[in-house]
Amino acid sequence: MRLRLFLSLWVIVIPAFADSPVGFSSLADASDQRPIELSIWYPSDGGSPSMVGGNAVFEGVSAANDAPILEGEFPLVVVSHGGLRSSSNSGAWLGEGLARPGFVAVEVNAPGPARAAMAVNEIWQRPRDISRTIDLMLGDQRRAEHVDHGGIFVVGFALGGTTALAVSGAELDAECYLQSCAADGVEAPDCEWYTAHNVALDQADPGELGQSRRDRRVKAAVAIDPEYLAVFSGDGRAPAVPTLLISLGDQERKTTELPRAERVVIQEADRFDAFGVCTERGPRILREERGDVALCSSSPEARERHHARMVSAILPFLSDRL
């Protein structure tokens, strides 16, 4: 109840905090075969701001490095952002947007797959990273004392959205996944990349692929334009916790349904609007490096507007589950 009240009151007091950046810190863990680095965004009223999470293509966001966290406990949101080849901190805008109204948001940055043959296992590796992240946050006394252990959520975009569904208890149809790149109408953006490297999805580890990835500590999940959504759409495969599906773009082509999930469609956006605001040099860099220039197709103003719409859909959904 106190947390719901905090989130409600934040709307009233936010003008007083408008000039106070959220806090930012990082935590690395190499205790597993797969090292991960966590970017932690949290409510704070002190520290000197700097730009965090940017690169040559995407702008960062303002945050105060290692600033003191506000007193109290806050709900925890683990963020898994982007597809196979997304850069670290690609969800910085989302972490900052969730931390400002009172969540501790932790983006999971895992090493990108060095080869396409390794990438087919990301669909089960990433959910395991989510559970490791929760372990790390709750196992660190200094951070755990500021986490509401009964308010743990996951938010993901693209393959990260697939991850959020898996952690929420949605059961993956392994055979459907293995055939995804051969199926018509499946939104699997890496199929051409796999084909170019002579890699097939059936090279994924079958033992790991078939395991449930549900983490019972997660109370609700948000999936933004998840990849491979069809592999969760069969009878009996629904998430075990409340789930919000955010679709970016034309509703008519978003035909796959997720049993018992709420849905929000941001009609005028597209999937690239879940990335950060592009720098002025971003489009030119993408052209020179033969990247996808569509990543920077929206104006900064439009992209910021779409970010605000996504955060505005996520906040009430999660706060209602506290």
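Show that you can apply the helix-only estimate: for the chain, add -39,500 (n - 2.57) for every DSSP H stretch of four or more residues, divide by all residues, and state [θ] at 222 nm to the nearest 500. Intermediate results must be reported in sequence, preceding the final value.
Numbers: 11 runs with 101 residues, N = 322.
Helix-only estimate at 222 nm: -9000 deg cm²/dmol.
Could you tell me the extents of the stretch 217-299's C-alpha atoms along the three principal axes, largest first, rounded to whole Å?
47, 32, 21
Would you pull out the residues with amide H under 5 Å of Val265's amide H, same chain only if 5 or more places away, H placed 1.01 Å from N?
Answer set, sorted by chain and number: Ser247.
Along the positive direction of the dipole of the chain (beta-carbon charges: Lys, Arg +1; Asp, Glu -1; about the Cα centre), which of Leu286, Ala200, Ala230 reaches farthest?
Sorting the options by dipole projection puts first Ala230.
Select from the stretch 140-211 those GluC sites (Glu not before Pro) which occupy a DSSP coil region and have at most 11 other Cβ atoms within 10 Å, ordered by residue number.
Glu145
Given a cut-off of 19 Å, what percent of all Cα-Cα pairs of the stretch 94-171 lie beyond it?
Working: 1259 of 3003 pairs.
Tail fraction, whole percent: 42.
Which value results for Rg/Rh of the stretch 2-319 when Rg is the Cα radius of gyration and Rh the Kirkwood radius based on the inverse mean 1/r?
Working: Rg = 18.7 Å, Rh = 19.8 Å.
Result for the stretch 2-319 is an Rg/Rh of 0.94.
Please list, in chain and number order, the residues 5+ apart from Asp148 or on another chain whose amide H is under 5 Å from its amide H, with Hs placed from the backbone.
Under 5 Å from the amide H of Asp148 lie the amide H atoms of Phe74, Leu76, each far enough along the sequence or on another chain.
Of the GluC sites (Glu not before Pro) in the stretch 37-117, which ones lie in a loop per DSSP and count no more than 10 other C-beta atoms within 10 Å?
Here the GluC sites (Glu not before Pro) that fit, given the DSSP loop and packing criteria, are Glu71.
With each pseudo-label sitting 7 Å past Cα toward Cβ, what's the Ala308-Thr195 distance in nm, one decimal?
4.1 nm
Grab the other residues whose beta carbon is less than 14 angstrom from that of Tyr194, score K and R as +1, D and E as -1, and report the net. Can you show the working numbers first?
On the way: positive: Arg85, Arg115; negative: Glu122, Asp190, Glu192, Asp202, Glu227.
Net charge in that neighbourhood comes out at -3.
Put a dot 7 Å past each Cα toward the Cβ at Glu280 and Ala240; how far apart are the dots in nm?
5.2 nm
Kindly provide the GluC sites (Glu not before Pro) of the stretch 217-322 that DSSP labels as loop, not H, G, I, E or B, and whose Cβ sees at most 10 other Cβ atoms within 10 Å.
Working: sites: Glu227, Glu252, Glu257, Glu262, Glu268, Glu280, Glu288, Glu289, Glu301, Glu304; in loops: Glu227, Glu257, Glu268, Glu280, Glu289.
The qualifying sites are Glu280, Glu289.
Considering only Val22, Ser131, Gly54, whose Cα is most displaced toward the positive end of the charge dipole of the chain, charges sitting on Cβ of Lys, Arg (+1) and Asp, Glu (-1)?
Val22
For the stretch 130-141, in order, what is each residue's ³J(HN,Hα) by Karplus, 6.51 cos²θ - 1.76 cosθ + 1.60 with θ = phi - 60°, in whole Hz (x at glycine and Pro)?
Here the 3J(HN,Hα) series is 4, 5, 4, 5, 4, 4, 5, 5, 7, x, 9, 4 Hz.
When the Karplus curve 6.51 cos²θ - 1.76 cosθ + 1.60 is applied with θ = phi - 60°, which whole-Hz ³J(HN,Hα) does each residue of the stretch 108-123 get, with x for Gly and Pro?
8, 10, 9, x, x, x, 5, 9, 4, 5, 7, 5, 5, 8, 4, 5
Give, in nm to one decimal, the length gained when the segment between Asp205 and Gln33 is fully stretched (0.36 nm per residue of separation minus the Cα-Cα distance).
On the way: separation 172, 0.36 × 172 = 61.92 nm, distance 1.56 nm.
Full-extension gain reported as 60.4 nm.
Would you work out which of Ala119, Leu38, Ala64 lies farthest towards the positive end of the dipole of the stretch 2-319, given +1 charges on the beta-carbon of Lys and Arg and -1 on that of Asp and Glu, about the Cα centre?
Ala64
At R0 = 22 Å, how high is the FRET efficiency between Ser299 and Asn55 if r is their beta carbon distance? Nearest 0.05 is fine. Walk me through the intermediate numbers first.
On the way: r = 19 Å, r/R0 = 0.87.
Calculated transfer efficiency: 0.70.
Enumerate cysteines in the chain without a disulfide-compatible partner, where compatibility requires another Cys Cβ under 4.7 angstrom.
Cys176
Starting from 0.36 nm per residue, how many nanometres of slack lie between Arg142 and Asp66 once their C-alpha separation is accounted for?
Details: separation 76, 0.36 × 76 = 27.36 nm, distance 1.28 nm.
The Arg142-Asp66 span can extend by a further 26.1 nm.
At what distance in nm do the modelled label points of Arg216 and Arg85 sit from each other, each positioned 7 Å from its Cα along Cα→Cβ?
In this crude spin-label approximation the distance works out to 4.1 nm.
Hey, got the dipole for the chain? About the Cα centre, +1 on K and R Cβ, -1 on D and E Cβ, debye to the nearest 20? The partial results should precede the final answer.
Numbers: 30 positive and 45 negative charges, 95 e Å.
Rounded to the nearest 20 debye, it is 460 debye.
Here, each number is a calculation from the coordinates, and none is a lab measurement. On a predicted model such as this, the values are computed, not experimentally measured, just so you know. Cβ: placed from backbone, ideal geometry, glycine included. Neighbour counts: every protein chain shown.
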